[in-house]
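A short worksheet on the structure shown next.
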Amino acid sequence: MAKRPLREYKADMHIHSCLSPCGDWDMSPRRIIQKSLEVGLDLIAICDHNTAENAAAAMREGRKKGIHVLPGMEVCSREEVHILALFGELSQALEMQSYVYANLPGENKPKVFGCQVVANENDEVLGENPRLLIGATRLGLHDIVVKTHLLGGLSFCCHVDRPAYGIINQLGFIPADLDLDGVEVSSHVNLAQAQATVSGIEKFACITNSDAHFIEDIGKVWTVFRMAAPTIEEIRKSILNQDGRRILV
Ligand SMILES: [Zn+2]
Ligand SMILES: [Zn+2]
């Protein structure tokens, strides 16, 4: 069988939807896909706080409109560190969600934290999530990374250059036995700059994402992957610089 040629994929793999209490009402699955296409992204991931309930709608809309959507979530550990968990299959993300929900105490107060809207790809509201999605789970960092890997996903420490919920600020270092696939730097610094200045991330693959909570922030920054297909396996190979796959900085 002929090898698939390598090409560049412009990816923003940390986008919140209206299901995150801090995500704008306009961040419906349909609008996210529309904006992602407008700004020329090839690959996105929907990563709400501690939930993946809007991922399916975005994946369906993405398939219809021709953009690749990975299901994921931004899990808050008990150390108050944000970890991005990315999956290839919806079923894997939903299994992660069950694990997270079983370890997520509290109820949302919409007037304090914001609404948590579950929507379909036609902009119809299906309901509100009652959980305290913005809260910290009872899961330790290692639990989250191990479970993500067991399910076949990839895990990245989020916005490592930032004080709020970034691992370096929270712990002072990245534990040597934390089996991360890489780290994410925020839109506040460029990737090359961060690699040179944020101490402790030197040995990790670095990606950058918008962490968009508002439509206009989608694709504000992105990571370019040189790979054969927009899949978790190909992203993994890019991280490991295998078979010509790589992250372009
Ligand atoms: Zn975060
Ligand atoms: Zn986020």
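The values are calculated or read from the model by the stated rules, or taken from the named source; none is laboratory data. The shown structure was predicted, so the numbers you read here are calculated from the model rather than taken from an experiment. In this analysis, Cβ positions are derived from the backbone assuming ideal geometry, glycine residues included, and neighbour counts consider all displayed protein chains. Note: areas computed on protein heavy atoms with side chains; ligands, DNA, RNA excluded. Shrake-Rupley method; radii C 1.70, N 1.55, O 1.52, S 1.80 Å.
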| note | Result for the chain: accessible area per residue, probe 1.4 angstrom, in square angstrom, of 44 Å²
| remark: Pseudo-spin-label distance T231 to D123, built 7 Å along Cα→Cβ, given in nm, is 3.5 nm
| Cα convex hull of region 40-186: mean projected area in nm², to one decimal? | 9.1 nm²
| Cα centroids of region 5-48 and region 218-233: how far apart, whole angstrom? | 12 Å
| task | Any chance you could count the Lys pairs in the chain whose alpha carbons are under 22 Å apart, treating pairs 8 or more apart or on different chains as valid? | result | 12
| field | Linear extension gain, K3 paired with F173, 0.36 nm per residue minus alpha-carbon span | value | 57.1 nm
| query | Of V221, H82, I167, whose Cα points farthest to the positive end of the dipole of the chain (charges on the beta-carbon: +1 Lys, Arg; -1 Asp, Glu; origin at the Cα centre)? | reply | V221
| task | Could you go through region 123-137 in sequence order and give the Karplus-derived ³J(HN,Hα) for each residue, using 6.51 cos²θ - 1.76 cosθ + 1.60 with θ = phi - 60°, rounded to whole Hz, and x for Gly and Pro? | result | 6, 9, 7, 9, x, 10, 7, x, 6, 7, 5, 6, x, 7, 7
| Hey, got a sec? Which trypsin sites (Lys or Arg not before Pro) in region 175-249 land in a DSSP loop and have at most 16 other Cβ atoms within 10 Å? | K203, K220
| message | Could you check the spin-label model distance between L240 and Q34? Points 7 Å from the Cα along Cα→Cβ, value in nm. | response | 4.1 nm
| request: Subtracting the Cα-Cα distance from 0.36 nm times the residue separation, let me have the gained length for D26 to E89 in nm, one decimal. | output: 20.1 nm
| note | Residue separation between L248 and E216 times 0.36 nm, minus their alpha-carbon distance, gives in nm 9.1 nm
| Which is the longest run of the chain containing none of the GluC sites (Glu not before Pro) found in DSSP loop states (not H, G, I, E, B) with at most 11 other C-beta atoms within 10 Å? | 1-123
| Magnitude of the charge dipole, the chain, Cβ model with Lys/Arg +1 and Asp/Glu -1, debye to 20 | 560 debye
| What's the carbon and sulfur percent of the chain's accessible surface, probe 1.4 angstrom, rounded to a whole number? | 51 percent
| task | Can you tell me the relative contact order of the chain? Whole percent, Cα pairs under 8 Å, sequence separation 6 or more. | result | 23 percent
| query | GNM, the chain, Cα, under 10 Å: largest mean-square fluctuation among V221, V112, V69? | reply | V112
| said: For Cα pairs less than 8 Å apart in space and 6+ apart in sequence, what is the mean separation divided by the residue count of region 12-127, i.e. the relative contact order in percent? | reply: 30 percent
| task | At 7 Å along the Cα-to-beta-carbon direction for both H188 and C115, put a label point, then send me their distance in nm to one decimal. | result | 3.0 nm
| Build a GNM of the chain with springs between Cα atoms under 10 Å: which of V185, V224, V198 gets the top mean-square fluctuation? | V198
| remark: Taking only protein heavy atoms and a 1.4 Å probe, the highest-to-lowest accessible-area order of V125, V39, V118 is V125, V39, V118
| query | In percent, how large is the relative contact order of region 186-225, given Cα pairs closer than 8 Å and 6 or more residues apart? | reply | 37 percent
| request: Keeping every protein chain in place, order Y99, Y165 by accessible area at 1.4 Å, biggest value first, i.e. largest first. | output: Y165, Y99
